[in-house]
Amino acid sequence: RGLGDVYKRQVDSYTDSLSIINVFLSPLTVCLAIPVFNRIQIVKHYFLPIVVGTIIGAIVSIGSVLLFGKMLNLDQEIIMSMIPKSVTTPIALEISEKLGGIKGITVSAVILTGIMGALFGPLILKLFHIKRSPTVGMSLGGTSHAVGTSKAVEISARAGAISLSLIHISEPTR
């Protein structure tokens, strides 16, 4: 019996207790949809860049996890756990389960990705003098999912609308 087995049992117990958090994530996503509804013309105008940005963002996100996972000689189970790091927790858990990942590592990766993106994303955008709302929204939503979208809404309703539309395109309906 390896450390992974012990860790997996503890993590399963931990993630079962997270179900109450998942109950609140869906209404939060609905609340964040208000800026999209109010700015639907902007979303329609930027539809192609949003779709292209979503595809490129997904490829870069998954590719970086695979590349760094192999470079660091991580166990395949850990790599599969980290692949869905840039989507919201309920979706990430489903993806991780289908890939054979560990739920607790997935939850940790999603939370850390969201928080780090929301904290450092605006600083990086400012460093590179990126101010256009569509670019800000796509950057924060594509890297930091709902947490990044809430940051984008703080910056501007337009950035929030773009960010949330990016999330909805990239995440399949359950």
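The values are calculated or read from the model by the stated rules, or taken from the named source; none is laboratory data. No experiment lies behind these values; they were computed from the predicted model shown. For accessibility, only protein heavy atoms count, side chains too; no ligands or nucleic acids. Shrake-Rupley method; radii C 1.70, N 1.55, O 1.52, S 1.80 Å.
Here are a few things to note about the model shown:
- The stretch 42-70 and the stretch 78-107: distance between their alpha carbon centers, rounded to Å: 17 Å
- By accessible area, using a 1.4 Å probe on protein heavy atoms only, the stretch 89-143 has 71% of its surface on carbon and sulfur.
- Under the criterion of Cα pairs below 8 Å and six or more residues apart, the relative contact order for the stretch 53-107 equals 31 percent.
- Solvent exposure of Arg132, expressed as accessible area, is near 140 Å², computed with a probe of 1.4 Å over the protein chains only.
- Note on surface exposure: Ile55, Ile130, Ile105 rank Ile55, Ile130, Ile105 by accessible area, highest first, 1.4 Å probe.
- Heavy-atom accessible area for Thr88, with the other protein chains in place and a 1.4 Å probe, reaches approximately 20 Å².
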